[in-house]
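Participant: Would you mind keeping the following structure in view while I ask a few things?
Derivation of every value follows stated rules applied to the coordinates shown; laboratory data play no part. This is a predicted model, so every value here is computed, not measured. Here the Cβ positions follow ideal geometry from the backbone for every residue, glycine too, while neighbour counts run over all protein chains shown.
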């Protein structure tokens, strides 16, 4: 109940942020721009629309999560609104979870709006509702939840600018860490290989949530892959949230 | 009377600057507050008043010391359920209206819906913001913010209320309104912990005070024990008597027009001055005996500190 109250207040506050609408506008422009790009391309035009559209959802969703998430806790401390909240009979973890769910709700609504534009564009080309698209969007949502938890973690001890840089780095590393796997295969057994393997397991692999290529190309995806991605998303998000709670519990609000 | 707040040997320091140099803010604070009293917590800026309140309410963690509220550890939900808090220069969610704001905070206390509506209405009436119930907090003046802050502090009908500089930055009317609410809380039997440096107000409404300087409590006790009731001097404003005639009676200051202000230190001289005025057919405009004030005591303590 207390978490719900904080989440709803966070949602009310977040949907008033102009950055959100600016990003929504650019996401819509990019999705519509995919139509123009498709006209200039030789080959299956609808695949270009789907590919650019889904990438736009992921990228702008991530930007929303980072830009909003990094300010979430910092703003409360900076403006001192947290004083009257923490002094009430509420645990600090409840406050943090309320903030997390509030932003996740905001991102869900934003993703819904972006998806509506994207799916409408696809529908005008194919005149069919492509249900596989919903699967790709669902996993984009899982990815956004994880990025939100990371942004929230940085927001607990750093300024919004630094937190945004750290979270953006997390996003970029998360989408390129698979390169390490190739590197590990190529280097001979050595200390370097062990280090690379350790790093590979420590770094996030956000490509686990990326089913765009398979869905756009109509490739078969084994159900274990979906299950693995769901579990990976849940456990990684929980892990990051627990670290955030541990840091936040010990923090002095000066 | 039962002790509602007990603080023992509270220590706190902060790491400041680039080199994270440790600065001691609280150096062994110990005090207790009894039920039903308005307890004044006085000190100059930077003395550690707000830090003490933040330690009590769990906003910061003391390095050493023990805090109990109603016999419970200060961070326990049981202790927090019985306390209310108005911070210094309060800032709230400015996108909410006054009633939305109180509704949000009442959910943190799990107040039931029917009770909630009644409570919000009565609190808005108490702080005289009924007509601004649907106004966003961003449009509130400083005084109005202070009053809505007071309302949120009273949402759970607390037995112990912490007010951090509630009178700071308010105009005389705003100060009176907040003072009246504090007096009302006292009359209702609630305990108020009031941190301030506006001494006249403290003197008017507090039963007991503690004076903190450089993180240490220098003096604490009942106001009437701390301040001597002995008359220090008498200020007499008079006219129609010459300067020479008043010589030796006290310190002489010329006032506006023909008025003269005389500071008489010896009590027997007061009667002599009055006789003099009568014989010279002059006029006494005012006669004020000055006892020691909290301000005198405060200034003396701070200077020593």
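Participant: For residue A:91 paired with residue A:26, estimate the spin-label separation in nm (one decimal), with each label point 7 Å from Cα along the Cα-to-Cβ line.
Facilitator: Here the modelled spin labels are 3.9 nm apart.
Participant: If I fit a long axis through the Cα atoms of helix A:160-176 and take the longest principal axis of the Cα atoms of chain A, what angle between them do I get, 0 to 90°, rounded to 10?
Facilitator: Between the helix axis and the principal axis of chain A, the angle is about 40 degrees.
Participant: So what is the relative contact order of the range B:24-134, in percent, for Cα pairs below 8 Å that sit 6 or more residues apart?
Facilitator: 15
Participant: Quick one: plug the Kirkwood hydrodynamic radius of the protein assembly as shown (C-alpha pairs) into Stokes-Einstein at 37 °C, 0.692 mPa s, and report D in µm²/s.
Facilitator: 116
Participant: Under the definition of Cα pairs under 8 Å and six or more residues apart, what whole-number percent is the relative contact order of the range B:3-226?
Facilitator: Contact order relative to length: 29 percent.
Participant: Next question. Provide the packing ranking of A:39-51, B:83-95, i.e. peptides ordered by the mean count of other C-beta atoms within 10 Å per residue, highest first.
Facilitator: Highest-to-lowest ranking by the protection proxy: B:83-95, A:39-51.
Participant: Need one word for chain B: rounded, prolate or oblate. Basis is the Cα gyration tensor (sqrt eigenvalues a ≥ b ≥ c); a/c below 1.5 gives rounded, then a/b vs b/c decides.
Facilitator: It is prolate, given that a/c is not under 1.5 and a/b is the larger ratio.
Participant: Just check the range A:2-250 against the gyration tensor rule for me: Cα atoms, a ≥ b ≥ c as the square roots of the eigenvalues, rounded for a/c under 1.5, and otherwise prolate or oblate depending on whether a/b exceeds b/c.
Facilitator: Note, shape of the range A:2-250 comes out oblate.
Participant: Moving on to the next point. Residues in the range B:177-212, backbone N under 18 Å from the label point at residue B:302 (7 Å along the Cα-to-beta-carbon vector): list them, ranges by number please.
Facilitator: Those under the cut-off are B:194-204, B:209-212.
Participant: How far is helix A:223-250 tilted, in degrees, relative to the longest principal axis of the Cα atoms in chain A, given as a value from 0 to 90 rounded to the nearest 10?
Facilitator: 20
Participant: Rounding to the nearest 10 and keeping the result within 0 to 90°, find how far the Cα-based axis of helix B:267-279 lies from the longest principal axis of chain B.
Facilitator: 60
Participant: In addition: Can you give the mean number of other chain Cβ atoms that lie within 10 Å of the Cβ atoms in peptide B:53-61?
Facilitator: Averaged over the peptide's residues, the number is 4.
Participant: Find how many whole Å separate the alpha carbon centroid of the range A:61-125 from the alpha carbon centroid of the range B:68-109.
Facilitator: The range B:68-109 and the range A:61-125 have Cα centres spaced 23 Å from each other.
Participant: Hey, rough spin-label estimate for residue A:199 and residue A:12, points 7 angstrom out along Cα→Cβ, what's it come to in nanometres?
Facilitator: 4.8
Participant: Need one number: nm distance between label points at residue B:271 and residue A:33, each 7 Å from Cα along Cα→Cβ, rounded to one decimal.
Facilitator: 9.8
Participant: Got the relative contact order for the range A:1-116 handy, in percent, Cα pairs under 8 Å and 6 or more residues apart?
Facilitator: 48
Participant: Can you give the mean number of other chain Cβ atoms that lie within 10 Å of the Cβ atoms in peptide A:75-85?
Facilitator: 5
Participant: Peptide A:6-19: average number of partner chain Cβ atoms within 10 Å per residue?
Facilitator: 2
Participant: In a Gaussian network model over chain A where Cα atoms closer than 10 Å are linked, find which of A:108, A:123, A:74 has the largest mean-square fluctuation.
Facilitator: So, out of A:108, A:123, A:74, the one fluctuating most is A:123.
Participant: Another one. Just to confirm my numbers, what's the Cα centroid distance between the range A:210-236 and the range B:230-305 in Å?
Facilitator: A separation of 91 Å, based on Cα centres.
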